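What follows is a set of notes on a single structure, which appears directly below.
The values are calculated or read from the model by the stated rules, or taken from the named source; none is laboratory data. Computed from a predicted structure; not experimentally measured. With ideal geometry, Cβ positions are generated from the backbone for all residues, glycine too; neighbour counts draw on all protein chains shown. Please note that ligands, DNA and RNA were not included when accessible areas were found on the heavy atoms of the full protein model with its side chains. Shrake-Rupley method; radii C 1.70, N 1.55, O 1.52, S 1.80 Å.
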Amino acid sequence: MASDVDFASNISEFLHTKLLFWIETMNLLQLAHNCRRSLQQVAQNINGSKALNIVKDLQDAANFAAYFSANKAALSTPHLYISALATWADSELLTKWKSQFKFLPSIKGSKIETPLLILKVNTTVTSVAFSLDGTQIVFGSHDNSVQVWDALTGKQVQEFQGHTNWVNSVAFSPDGTQIVSGSHDHSIRVWNALTGKQVQKCQGHTGWVNSVAFLPNGTQIVSGSEDYSVQLWDALTGKQMQKFQGHTWGVTSVASSLDGTQIVSGSYDTSVRMWDAVTGKQVQKFQGHTQWVNSVAFSPGRTQIVSGSSDNSVRVWDALTGNQVQEFQGHTNFVSSVAFSPDGTQIVSGSHDHSIRVWNALTGKQVQKCQGHTSWVNSVAFSPDGTQIVSGSKDYSIQVWNALIDKQRQEFQGHTKSVTSVAFSSDGKQIVSGSDDYSVQLWDALTGKQVQKFQGHTNSVTSVAFSSDGTHIVSGSHDNSVRMWDALTNEQIWNFQGHTYSVLSVAFSLDGTQIVSGSHDYSIRVWNVLTGKQVQKFQGHTNSVTSVAFLPIGAQIVSGSDDYSVRVWDALTGKQVQEFQGHTYLVTSVAFSSDGRQIVSGSQDNSVRLWDALTGKQVQEFQGHTNWVTSVAFSSDGTQIVSGSCDNSIRVWNASTSKQMQKVQGHTFRVASVAFLSEGTLNGTEFNDMLFQQQSQIIDLPWYSTLDGWILSSFNHNHLMWVPHNILKVLCHPFNTFIISQYGSLSLDLSQSKLGTKWMECYTPE
């Protein structure tokens, strides 16, 4: 029998030289989903401190196998290399693999976390948990069901029906044979994990049951409820054993210590409390949070407690003294769920800011940030071996993440909420953006780096614009204000007050002496930038004014409104000059041509229309968008029009013929704002993904992407490779030169790739 050293050595050689071919063979046999489990079993049987690196490589290989087998790449075995290997997170093992595959597609740029597995469901996921062996995931949801899914194949195993309202919390028993669930229907139910049958129903709470957990002995269950109480139950008989009272508001979360002697609870009353599981007496009260405590958990050694709160913080407490040990800041919205890793060295948190973050429990430093959910993260948990994290979200998905990250990921600058408006400076060197995060930000258009951040608005910023000389910026907001900023010093110069509802659009006059604003209060107002006073108020629209612009030459203003009309006004007298009728739904955006002879408008009737500014007659109608048109702009010479839409596309039109000249796709959500540079290239920004995109003029290998992540050739529509959603949403498509985003930016290089029938040539052994 070979020695442990020989065995470890053989395993190491297998991982470095043969593993990928083994996964390939297993995939051809349709058994790739078994690879992760096999590698984990081997890791559990390797002993000795000298084998720690091999165990780590085995765990990394197991996660890679799970990533490949659970995603679209597994549909075609060559994509084990072309897609999975090319997009897998960096690691020492990956570097060794890639040294043997030199002709793979190359994705360059920011380091981005990618889920190993995404489970799409049809309802909000409220709670998630791994089984003891890590092979199954249980979740509760708003469809009143408890479901169990295979963590390897991504397939549903069981669905438990019985609750009559939302399921708020789920947990496996320590031996994995049972599942407990708590619900809005005030009940706690115990299920046989194999058969799906209900074996017990515990009733006694008089409010929603927000949290449940098994004690380590598997015979007791603890629960927390909106009725302010924590209760202990006999899992076999369903009878109440203990009632812990002290919280002065609903209990949101409960957990047991590893030895089962203590219970911790968190509450809307902002406190964390620890109880003796036998006597029911309160042992400790931890105070410091300033908002609801949404989640609590014990460290494996019972010495510490972690809590997450609506005050956006994660805090660690000394269980013996009640003192706060750490406070982790980073989340920008409520922290909804927290958990310790099995070895107690890390803490994971999920938040309403859509992110999952991993923290060093000793230093308090953030070591990992996972962004993939598109809505609130309601629940997070570590796998029993600590190598994976599962998350459940309001976005109807469950995602599994690789927890084996050694280095802290780079933090990227960018808006933290949807980008609503963008504009270029007249020289094309800078971009200004406004966002739902209340901020206005200035960017270098060449490098994509943030230059300035302007703060002062107390609600979402709806519109931004540069003065013609680029020295000043104006912004409008849902806080009803119009503000002017110094682009160089970051200082607020004016806060124009007068509108009684949200300001939806702002613009400078060509000479920079006046600002025009349109509002939800149906009015258009003109402001003097020297005095800060209102000089004109135009009234006539019968609904919100969504878009305004000055005539480049002369003294006229154009406006678009939710009353379906486009109107032209005399900026000096305030009188209406023209009214253009034709749109059949809300007008979202208007703009003058550079010579002032034409006006373009976009509407929620999906059309772009061109008007004669003198006669008010419609000249052209541009059809092609399949959803609302959100933004329109002229090129500097007036020969082209660009439009952005809720159909996620940017389209360029010939202003004379109304023909579509270009369709730019790459955004993964509706396009909120578009603009031309002075030389004719274009810029677009996207609501939810918070990106800026600038058009490039040269494309080496044209391609386009599908919503499910496939990269296809523009020539013959062949499948080139597959990329996960996290990469796709920040991947510069053809016609993009850069993306500015809090999630980073990536580019795809296919120039050295061996694709299609030549895919086997990507293998280049030494």
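General remarks:
- For the stretch 711-726, the candidate set comprises residues that are within 22 Å of Ser397 (Cα to Cα) and crowded, with 21+ Cβ neighbours inside 10 Å; within that set, the residue that is modelled with the lowest pLDDT is Asn726.
- Checked against (1) under 30 Å from Trp703 (Cβ atoms); (2) open to solvent by 10 Å² or more (accessible area, probe 1.4 Å), Ala129 passes all but a single condition, namely (1).
- All positions within the stretch 136-171 that are part of a loop (DSSP other than H, G, I, E, B) and open to solvent by less than 50 Å² (accessible area, probe 1.4 Å): Asn144, Ser145, Ala151, Leu152, Thr153, Gly154, Gly162, His163
- If you filter the stretch 530-586 down to residues that are farther than 29 Å from Gln623 by Cβ and either in contact (Cβ under 8 Å) with a residue 60 or more places away in the chain or hydrophobic (A, V, I, L, M, F, W, C) (or both), you find that the one that is surrounded by the fewest Cβ atoms within 10 Å (Cβ to Cβ) is Leu530.
- Residue match in the stretch 172-186 (condition: open to solvent by 40 Å² or more (accessible area, probe 1.4 Å) and within 29 Å of the chain's Cα centre (by Cα)): no
- Residues (at pLDDT 80 or above, surrounded by 21 or more Cβ atoms within 10 Å (Cβ to Cβ) and part of a loop (DSSP other than H, G, I, E, B)) located in the stretch 734-753: Ser753
- Of all residues in the stretch 281-302 being more than 21 Å from Phe244 (Cα to Cα) and more than 28 Å from the chain's Cα centre (by Cα), the one that is surrounded by the most Cβ atoms within 10 Å (Cβ to Cβ): Ser299
- Residue count for the stretch 80-110, restricted to those that are among the charged types (D, E, K, R) and assigned to a helix (DSSP H, G or I): 3.
- The listed residues are Ser9, Ser91, and the only one of them that is farther than 30 Å from Tyr396 by Cβ, at pLDDT below 90, within 25 Å of the chain's Cα centre (by Cα) and not basic (Lys, Arg) turns out to be Ser91.
- Within the stretch 67-88, residues that are closer than 15 Å to Leu31 by Cβ and open to solvent by less than 10 Å² (accessible area, probe 1.4 Å) have Cβ atoms under 8 Å from residues that are among the acidic types (Asp, Glu) and in a helix (DSSP H, G or I) in these pairs: Leu80/Glu24, counting only partners at least 6 apart in sequence or on another chain.
- Unmet requirement for Lys575, which otherwise passes all of (1) touching a Ser or Thr at 6+ places or on another chain (Cβ under 8 Å); (2) over 21 Å from Gly638 (Cα atoms); (3) among the charged types (D, E, K, R): (1)
- Residues located in the stretch 39-55, provided they are at pLDDT below 90 and open to solvent by less than 60 Å² (accessible area, probe 1.4 Å): Gln40, Val42, Ala43, Ile46, Gly48, Ala51, Ile54, Val55
- With respect to the conditions (1) farther than 28 Å from Ser502 by Cα; (2) over 37 Å from the mean Cα position of the chain (by Cα); (3) of a type in the set (A, V, I, L, M, F, W, C), Val664 falls short on a single one, namely (2).
- Matching strands (runs of 3 or more DSSP E) fully within the stretch 350-454 where at least 3 residues are touching a His at 6+ places or on another chain (Cβ under 7 Å): none
- Test: residue in the stretch 641-653 that is open to solvent by less than 30 Å² (accessible area, probe 1.4 Å), at pLDDT below 75 and of a type in the set (D, E, K, R): no
- Unmet criterion (only one of (1) more than 28 Å from Phe580 (Cα to Cα); (2) among the β-branched types (Val, Ile, Thr); (3) open to solvent by 10 Å² or more (accessible area, probe 1.4 Å)) for Ile473: (3)
- Matching residues in the stretch 303-313 - criterion: being within 15 Å of Gly344 (Cβ to Cβ) and open to solvent by less than 10 Å² (accessible area, probe 1.4 Å): Ile305, Val306
- Take the conditions (1) closer than 30 Å to His725 by Cβ; (2) buried (at least 17 other Cβ atoms within 10 Å of the Cβ); (3) at pLDDT below 90; Ser589 misses just one of them, which is (3).
- Within the stretch 457-505, the set of residues being farther than 21 Å from Asp521 by Cα and part of a loop (DSSP other than H, G, I, E, B) comprises Ser467, Ser468, Asp469, Gly470, Thr471, Ala487, Leu488, Thr489, Asn490, Glu491.
- Residue check: Ser656 meets all listed conditions (1) of a type in the set (Gly, Ala, Ser); (2) in a strand (DSSP E or B); (3) open to solvent by 70 Å² or more (accessible area, probe 1.4 Å) but one, namely (2).
- The number of residues in the stretch 621-638 being modelled with pLDDT of 90 or more and surrounded by fewer than 16 Cβ atoms within 10 Å (Cβ to Cβ) comes to 4.
- In the stretch 187-237, residue farthest from the chain's Cα centre (by Cα) [restricted to those that are over 14 Å from Ala171 (Cβ atoms) and of a type in the set (A, V, I, L, M)]: Leu236
- The residue that is most open to solvent (accessible area, probe 1.4 Å), counting only those in the stretch 234-261 that are hydroxyl-bearing (Ser, Thr, Tyr) and farther than 18 Å from Val180 by Cα, is Thr248.
- Annotation note: Cβ proximity below 6 Å between a residue of the stretch 306-333 that is of a type in the set (A, V, I, L, M) and a residue that is assigned to a loop (DSSP other than H, G, I, E, B) and at pLDDT below 95 (sequence gap 6+ or interchain) occurs for Ala319/Thr303.
- Any hit, the stretch 115-134, residues being touching a Pro at 6+ places or on another chain (Cβ under 9 Å), assigned to a loop (DSSP other than H, G, I, E, B) and closer than 30 Å to Pro765 by Cα: yes
- Thr114 of a type in the set (Val, Ile, Thr) and modelled with pLDDT of 85 or more: no
- Once the stretch 94-109 is narrowed to residues that are farther than 18 Å from Gly756 by Cβ and touching a Leu at 6+ places or on another chain (Cβ under 6 Å), the residue that is modelled with the lowest pLDDT is Gly109.
- Filter result (aromatic (Phe, Trp, Tyr) and within 16 Å of Arg189 (Cβ to Cβ)) within the stretch 215-268: Trp233
- Among the residues listed as Gly498, Gly448, Gly456, the single one being within 21 Å of Asp427 (Cβ to Cβ) and open to solvent by 10 Å² or more (accessible area, probe 1.4 Å): Gly448
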